[in-house]
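**Student:** After the structure tokens below, expect a handful of questions from me.
Read-outs throughout are calculated quantities, based only on the coordinates presented, and are distinct from any laboratory measurement. This one's a predicted model, so the numbers in the text were calculated from it and none came from an experiment. Neighbour counts run over all protein chains shown; Cβ positions are idealised from the backbone, glycine included.
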């Protein structure tokens, strides 16, 4: 893999860190409140449930969710 392909990667990806989710290459956010977030991506959607959920970074192809994350459900 060359550097250009790495930088321009188009695969959907989730990286979990303690109380943080970094989501890359999503399509849109279909629901958002402090207890539930639904993110759509090319192959489906992911339901994130928790408490005090906030989007602390929002870019066109990446977002960072912080808060007490209880469950991830792929649909």
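**Student:** May I ask for the Rg/Rh ratio of the chain, computed from Cα atoms with Rh as the Kirkwood radius, given to two decimals?
**Tutor:** Reported Rg/Rh, Kirkwood definition of Rh: 0.99.
**Student:** Any chance you could run the full-extension gain for residue 17 through residue 58? It's 0.36 nm times the residue separation minus the Cα-Cα distance, nm to one decimal. The partial results should precede the final answer.
**Tutor:** Numbers: separation 41, 0.36 × 41 = 14.76 nm, distance 1.71 nm.
Taking 0.36 nm per residue and subtracting the Cα distance, the gain is 13.0 nm.
**Student:** Given a Förster distance of 22 angstrom, what is the FRET efficiency for residue 72 paired with residue 10, based on the Cβ-Cβ distance and rounded to 0.05? Can you show the working numbers first?
**Tutor:** Numbers: r = 21 Å, r/R0 = 0.96.
So the FRET efficiency works out to roughly 0.55.
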